[in-house]
Amino acid sequence: MVRPADEQIWQWLSEVSDPEIPVISVIDLGIVRALRWTDELHCEVTITPTYSGCPAMQVITENIQQVLQSHGVQTVSVKTQLSPAWTTDWMSESGKQKMQAFGIAPPAQQASQIAKIDVSALISHASVDIPCPQCASLNTRLISQFGSTSCKALYRCTDCLEPFDYFKPH
């Protein structure tokens, strides 16, 4: 086997979907941090979970290995790196648009901006308008701090009445 270029590996990794939001890839999500070849046949991929207890990491690891092996990379290992912690700032704009089209409101602000906001505003999202991914209305309200996963909050649009998840910035 001829070792593929790193750009090709990154392209193949974009085929790996996030199991919880299947319309975005692990590249769009920003959890793939690095790749390196330990020798001509062994590729190591470094990932950072969206949070330390993320239950999808085992599935993501297996899917990364499967996709790269299906393209001829003989040995693939996946290393988890917890520091620096993942942030929604690492998400691609394309990923945020795909998330919106899927019906999940993407983060409405950069996580780096949150440091400038008081803690009560962070907890309630009160200082940020969360647009409805269905009708784009800003007339939305928080129903629960936790949606279908702990990294999402549950909102309802008071115009179209649809509930939706909001991917919280962190």
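The values are calculated or read from the model by the stated rules, or taken from the named source; none is laboratory data. All values derive from a computational prediction rather than experimental measurement. When we count neighbours, we look across all protein chains shown, and the Cβ atoms used for this are built from the backbone with ideal geometry, even at glycine.
Summary of values
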item	result
Residue count for the range 23-37, restricted to those that are surrounded by fewer than 14 Cβ atoms within 10 Å (Cβ to Cβ) and touching a residue at least 12 places away in the same chain (Cβ under 8 Å)	1
Residue match in the range 3-11 (condition: assigned to a helix (DSSP H, G or I) and under 24 Å from Ala108 (Cα atoms))	no
Some residue of the range 58-67 being at pLDDT below 95 and surrounded by 15 or more Cβ atoms within 10 Å (Cβ to Cβ)	no
Unmet criterion (only one of (1) at pLDDT below 95; (2) part of a loop (DSSP other than H, G, I, E, B)) for Pro133	(1)
Pair list, Cβ < 7 Å and 6+ apart or interchain, from the range 46-58 residues that are outside the structural domain of Asp28 (by TED's automatic domain parsing) to residues that are buried (at least 19 other Cβ atoms within 10 Å of the Cβ) and among the hydroxyl-bearing types (Ser, Thr, Tyr)	none
Qualifying positions in the range 129-153 - in contact with a Phe, Trp or Tyr (Cβ under 8 Å, 6 or more places away or on another chain) and under 12 Å from Pro106 (Cα atoms)	Ile130, Cys132, Pro133, Cys151, Lys152, Ala153
Matching residues in the range 19-33 - criterion: being in contact with a Gly (Cβ under 9 Å, 6 or more places away or on another chain) and not β-branched (Val, Ile, Thr)	Ser25, Asp28, Leu29, Gly30
Any hit, the range 26-46, residues being in a strand (DSSP E or B), under 20 Å from Phe167 (Cβ atoms), within 20 Å of the chain's Cα centre (by Cα) and not charged (D, E, K, R)	yes
Criterion: exposed (fewer than 14 other Cβ atoms within 10 Å of the Cβ) and in contact with a Gly (Cβ under 8 Å, 6 or more places away or on another chain) - qualifying residue of Met91, Met1	Met1
